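A short worksheet on the structure shown next.
The values are calculated or read from the model by the stated rules, or taken from the named source; none is laboratory data. Computed from a predicted structure; not experimentally measured. No Cβ is skipped: glycine too gets one built from the backbone with ideal geometry, and neighbour counts run over all protein chains shown. Keep in mind that these areas ignore ligands, DNA and RNA; they rest on the heavy atoms of the full protein, side chains included. Shrake-Rupley method; radii C 1.70, N 1.55, O 1.52, S 1.80 Å.
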Amino acid sequence: GGRSGIGAAVGRRLAARGVRCVINYASSKDAAEALAVEVANGSIALRADIADDAQCRTLAKAATDAFGRLDLLVNNSGKTKFANHEDMDALSADDFIDIYRLNTVAPFQMIRACAPAMREGPASAVVNIASVAGVFGNGSSVAYAASKPALGTMTKSLARVLAPAIRVNAVAPGYVGTGWFSERMNAVAPGYVGTGWFSERMTQEAFEAFEKFIAGQTPMGLAAHAEDIAGPVVNLLDPASPVITGETLLLDAGAHLHGGLSRR
């Protein structure tokens, strides 16, 4: 999940530290390849559907073949289906399985595929991108919210079994103002108060109003963007953080101190 949003912001920060990045993408080849050129250091873009275990293994091998080693892994891919939490008929069993396949199973598959090479490194680390939706049970759908604490539990399990060679942590962002969000349709609205700003597609004015609303609900007065999440992710990957493993760090500008973002 490296071609845009949080993944791209993490790639830029890592590359600024001299890291050679493999930017995985499922679509938008041109954007991924452009990012690889931008971050330089010999970084490359590779396509893989990480919900498919065979493609995870192929991706890990291609990365190792390209650079001779693997040190860091960021699992940023994810998906959802927008569904009002109050409508228990809005999700099927297949919806749950589809969401879990990418949000929970795929990160496990990527870690498993990369672990042999990462064990050889001097200070290898993994960061999984979870969500505060998994803490408060809110967000785009019940299935999405349920998939994220599963990822957090897996983070603890793998931190235990992969130590001391590989540290495994997670971050749980709250609202992050990316293009992905501003392009969503009105189905986003059931997750939050103040949804009168939503229309068929959010205008720039509506997006700015919504971000002002979000910022007003956080102690830090902040509506986060991808760069705000990338900093803590890179800090967790840094060999200078050897004592941190098995943790999920909340990145919501303190909204959890107020019980999370309000719901209707």
**OP:** For the range 70-80, enumerate the residues that are over 18 Å from P173 (Cα atoms) and part of a loop (DSSP other than H, G, I, E, B).
**Re:** L70, D71
Original post:
Within the range 106-122, which residues are open to solvent by less than 60 Å² (accessible area, probe 1.4 Å) and either under 22 Å from the mean Cα position of the chain (by Cα) or free of Cβ contacts under 8 Å to residues at least 24 places away in the same chain (or both)?
Top reply: A106, P107, Q109, M110, I111, A113, C114, A115, M118
**OP:** Please work out if S43 is at pLDDT below 95, over 16 Å from A106 (Cα atoms), of a type in the set (G, A, S) and in contact with a helix residue (DSSP H, G or I) (Cβ under 7 Å, 6 or more places away or on another chain).
**Re:** yes
**OP:** For the range 50-75, enumerate the residues that are of a type in the set (S, T, N, Q) and either at pLDDT below 95 or more than 18 Å from the chain's Cα centre (by Cα) (or both).
**Re:** Q55, T58, T64
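Yes or no, residue by residue, for (1) open to solvent by 10 Å² or more (accessible area, probe 1.4 Å); (2) closer than 26 Å to L251 by Cβ; (3) touching a residue at least 60 places away in the same chain (Cβ under 8 Å); (4) part of a loop (DSSP other than H, G, I, E, B):
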site: D87; (1), (2), (3), (4): yes, no, no, yes
site: L91; (1), (2), (3), (4): yes, no, no, yes
site: Y100; (1), (2), (3), (4): yes, yes, no, no
site: A125; (1), (2), (3), (4): no, yes, yes, no
site: N169; (1), (2), (3), (4): no, yes, yes, no
Original post:
On the given criteria, is S27 surrounded by fewer than 14 Cβ atoms within 10 Å (Cβ to Cβ), polar (S, T, N, Q) and under 21 Å from I129 (Cα atoms)?
Top reply: yes
Original post:
When you look at N138, is it open to solvent by less than 20 Å² (accessible area, probe 1.4 Å), assigned to a loop (DSSP other than H, G, I, E, B) and either over 22 Å from A60 (Cβ atoms) or in contact with a helix residue (DSSP H, G or I) (Cβ under 6 Å, 6 or more places away or on another chain) (or both), yes or no?
Top reply: yes
Original post:
When you look at P116, is it in contact with an Asp or Glu (Cβ under 9 Å, 6 or more places away or on another chain) and farther than 19 Å from H256 by Cβ, yes or no?
Top reply: no
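Listed here are the residues, each with its yes/no results for (1) open to solvent by 70 Å² or more (accessible area, probe 1.4 Å); (2) among the acidic types (D, E); (3) at pLDDT 85 or above.
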| position | (1), (2), (3) |
| --- | --- |
| G174 | no, no, yes |
| Y192 | no, no, no |
| R201 | yes, no, no |
| A206 | no, no, no |
| L251 | no, no, yes |
| H258 | yes, no, no |
**OP:** Within the range 39-69, track down each residue that is assigned to a loop (DSSP other than H, G, I, E, B) and buried (at least 21 other Cβ atoms within 10 Å of the Cβ).
**Re:** S43, A48, I50
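Given the criterion modelled with pLDDT under 95, among the aliphatic types (A, V, I, L, M), buried (at least 16 other Cβ atoms within 10 Å of the Cβ) and in a loop (DSSP other than H, G, I, E, B), identify the matching residue among A36, A83.
A83
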